Amino acid sequence: MEGKPDPGSILANVFGFDAFRPGQEDVIGHLLAGRSALAVFPTGGGKSLCYQLPALVLEGMTLVVSPLIALMKDQIDYLLSRGVRAARLDSSQSGEEARQVWSDLREGRLKLLYVAPERFASERFLQRLRRTAIGLMVIDEAHCISEWGHNFRPDYMKLARLAAELRVGRVLALTATATPPVAEDIRKSFGIEREAYVNTGFHRPNLTLRVTPVEPRERERRLVERLRAGPPGAAIVYVTLQKTAEQMAARLSECGIAARAYHAGLPAEERHAIQDAFMKGKDGVVVATIAFGMGIDKADIRAVCHYNPPKSLENYMQEIGRAGRDGKPSDCELFFCSEDLNTLENFSFGDTPDPEAVRGLVEELLALPETFDVSLHELSMRWDIRTLVVSTLLTYLELDGVLASTGPRYNEYSFQPRRGSAEILAGFDAERAAFLKRLFSRAKKGRTWFSIDLAETAAALGEPRERLVAALNFLEERGELVLKVSGLRHGYRFLKKPAESGAVAAALQERFEQAERRDLGRIRQVETLAAARDCVTRQVLAYFGEDLGGPCGHCDRCLGEAVPAMPDRPADALGAEERELLRTLCGEEHEALATPRQLARFLCGIASPAASRAKLTRDQRFGCLAQRRFATVLAAAAEELGQAGCGPGGFSSPA
């Protein structure tokens, strides 16, 4: 470290802090010593400084991978105000903004670049990164890498391999919600030594946790009472469904509590306005789905209430972590209503594909040549499996050594020249100008854009596809043309091709069903917490591997507050009218509702590619059994389809 800036002086002079927060100095020390690290800090625990400070010391650029666009924008504004060259690449930027980032990246002017994991599906971006020195790669929300985690994302599983391909100097994995098995998964994936795992603990003594079993008719009144009785200041009320957010915001406003609804169904401008007002205000309530709060850094939130229970203890910990970041007392209350369990469970069933669909997709893949590329969207539509699940299936085949990824690529590039081709070519030597002229000659002119099929053009010109991509990227970076891409496909090659598809499909199906069972188990853990008669805080911390050593002394159970009895879960048998509805739907023979699982998803309000394409999600019967248990509806659907002479597979193979 001789001759390099001192971290303490950077902390004071650049970031304006007198001292490090717990764990920060340890993590920074590991990174500056050349070691990868895992930091498990509570929400609001100061994770961002753990990479922002080393970024100013280390050679090369720091690449931050985060799914939280709101976090990216806030952090970049902060860094720029401190004189740090930082930028982001995301789909919300204008063409001019993106071109400036590409230029800064090419010229090596950036110290930090923030991107979403999906950005690595761009071959243009990967090509540029391979020519960039990356001193540190940061993986935010790192729990997404683990199959055992509560928010597994296949894009994350490829980041470890990508870090190796890009010859990254070191990796920092960050999360606020890693259980011990998930932390071990992260460590192994990125080769992080045990001593470089820094966990500052999850206990927040300033938070009063209450978990209140409640009947549906009592819940609204209790919420109003709690918000009125609690400390003055901002509050978040979490709900499961968008319509509940709208209804509860209206009811709270009627009761004299200023409240706004926030959910993913609102226009982006309205969401930003609500979030900005909440961030700047000292009070006010946002009634929100989980779309709100990710990356929100507001210190003075005095209350977080769960009108509907979270789907896991990980979600619960993440969401209550937004309260009381200033260290002052704050209230967190979870209203547990047994009737909500069906809705939570139904979300868990949406990503489990039909066995018939998995079998068909595997057969299609195994019939392809040794090297191939596929469109995830086309596979999703053809087999009625969500795109994310198709991606997960292909990732499983990679992990099992069946496939190796050869990278993403776009079929078609389109461009708008900013000046005539003769003027563009005049800026190059004879050999490069001749190459570009041949490239331009293959472009087809539309009304405002030229389009070029790279596969055909590469074959016609006898040039590597990579050279064509590099040329178009370079012209865009120079401002000679505006570039856009379409037709994303993912390339693979077989490492070993199984002779028989049935065993492969069965193993994949079992994997998806295991994930479903894990999700249902997490919901059971929330239910167990609600039924607990002893310390709530201690039970939550134990789930994350932290032994409090005794009662916390500040949750509702420790304070001796009265805790209502757990309400019974409602009976779930389908009635005669509901059975008749099933028979009617079977009689209509919709191709998108051909199997028991497709039919059950439709009735429970779980959208699928086939149902959406057939516009069945607009049918007034969509979701009419959303309050029923999915397993009950699925069993009834299988019975009715069997009685209709369809068998368990439905009317036909998935379209």
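The values are calculated or read from the model by the stated rules, or taken from the named source; none is laboratory data. The model shown is predicted, which means the values in this text are computed figures rather than measured ones. Every residue, glycine as well, gets a Cβ built from its backbone with ideal geometry; the counts of neighbours run over all protein chains shown.
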Exercise for the section: Could you tell me whether region 418-436 includes any residue that is in contact (Cβ under 8 Å) with a residue 60 or more places away in the chain and closer than 24 Å to residue 122 by Cβ? Expected result: yes
Fill in the blank from the handout: Residue hits (region 330-345; under 18 Å from residue 525 (Cβ atoms) and polar (S, T, N, Q)) are 338, 342, 343
Practice task
Please find, within region 280-318, the residue that is surrounded by the fewest Cβ atoms within 10 Å (Cβ to Cβ) out of those that are more than 15 Å from residue 74 (Cβ to Cβ) and among the acidic types (Asp, Glu).
Solution key: 283
Exercise for the section: Looking only at region 132-145, decide whether some residue is more than 17 Å from residue 36 (Cα to Cα) and surrounded by fewer than 21 Cβ atoms within 10 Å (Cβ to Cβ). Expected result: yes
Exercise for the section: State whether the residues of region 346-355 include one that is closer than 26 Å to residue 614 by Cα, of a type in the set (Asp, Glu) and either in a helix (DSSP H, G or I) or free of Cβ contacts under 8 Å to residues at least 60 places away in the same chain (or both). Expected result: no
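Here is a yes/no grid of residues against (1) over 26 Å from the mean Cα position of the chain (by Cα); (2) surrounded by fewer than 21 Cβ atoms within 10 Å (Cβ to Cβ); (3) of a type in the set (Ser, Thr, Tyr):
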| position | (1), (2), (3) |
| --- | --- |
| 24 | no, no, no |
| 37 | no, no, no |
| 41 | no, no, no |
| 47 | no, no, no |
| 63 | no, no, no |
| 68 | no, yes, no |
| 74 | no, yes, no |
| 81 | yes, yes, yes |
| 86 | no, no, no |
Practice task
Check off (1) hydrophobic (A, V, I, L, M, F, W, C); (2) within 30 Å of residue 197 (Cα to Cα); (3) in contact with a His (Cβ under 7 Å, 6 or more places away or on another chain) for residue 536 and give me the number that stays unchecked.
Solution key: (3)
Fill in the blank from the handout: Restricted to region 265-286 and to residues being in a helix (DSSP H, G or I) and either basic (Lys, Arg) or at positive phi (or both), the residue farthest from the chain's Cα centre (by Cα) is 280
Exercise for the section: Consider residue 512 carefully, then state whether it is within 30 Å of residue 349 (Cα to Cα) and assigned to a helix (DSSP H, G or I). Expected result: yes
Practice task
Evaluate the following for residue 118: is it free of Cβ contacts under 8 Å to residues at least 60 places away in the same chain and charged (D, E, K, R)?
Solution key: yes
Fill in the blank from the handout: When region 309-334 is checked residue by residue, the ones that are closer than 21 Å to residue 562 by Cβ and either in contact with an Asp or Glu (Cβ under 9 Å, 6 or more places away or on another chain) or of a type in the set (Gly, Ala, Ser) (or both) are 309, 332, 333
Practice task
May I ask you to say which residue of 28, 76, 10 is β-branched (Val, Ile, Thr) and within 30 Å of residue 485 (Cα to Cα)?
Solution key: 76
Problem - Residue match in region 425-439 (condition: more than 21 Å from the chain's Cα centre (by Cα), within 20 Å of residue 486 (Cβ to Cβ) and small (Gly, Ala, Ser)) - result: no
Completion exercise
Of (1) of a type in the set (Gly, Ala, Ser); (2) surrounded by fewer than 16 Cβ atoms within 10 Å (Cβ to Cβ); (3) within 21 Å of residue 329 (Cβ to Cβ), residue 277 satisfies every one except (3)
Exercise for the section: Using the structure shown, decide if residue 12 is outside any strand (DSSP E or B), modelled with pLDDT under 95 and either within 28 Å of the chain's Cα centre (by Cα) or not assigned by TED's automatic domain parsing to the domain that holds residue 101 (or both). Expected result: no
Exercise for the section: Would you point out the residue of region 300-312, among those that are in a loop (DSSP other than H, G, I, E, B) and closer than 16 Å to residue 331 by Cβ, that is modelled with the highest pLDDT? Expected result: 307
Practice task
Return the total of residues in region 369-396 being over 18 Å from residue 121 (Cα atoms) and either free of Cβ contacts under 8 Å to residues at least 12 places away in the same chain or in contact with a helix residue (DSSP H, G or I) (Cβ under 9 Å, 6 or more places away or on another chain) (or both).
Solution key: 6
Problem - Condition met for residue 124 (touching a residue at least 12 places away in the same chain (Cβ under 8 Å) and buried (at least 16 other Cβ atoms within 10 Å of the Cβ)) - result: yes
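Table: residues versus (1) touching a Lys or Arg at 6+ places or on another chain (Cβ under 9 Å); (2) surrounded by 14 or more Cβ atoms within 10 Å (Cβ to Cβ); (3) without any contact (Cβ under 8 Å) to a residue 60 or more places away in the chain.
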{"residue": "526", "(1), (2), (3)": "yes, yes, no"}
{"residue": "529", "(1), (2), (3)": "no, yes, no"}
{"residue": "547", "(1), (2), (3)": "yes, no, yes"}
{"residue": "553", "(1), (2), (3)": "no, no, yes"}
{"residue": "570", "(1), (2), (3)": "no, no, no"}
{"residue": "577", "(1), (2), (3)": "no, no, yes"}
{"residue": "589", "(1), (2), (3)": "no, no, no"}
{"residue": "609", "(1), (2), (3)": "yes, yes, no"}
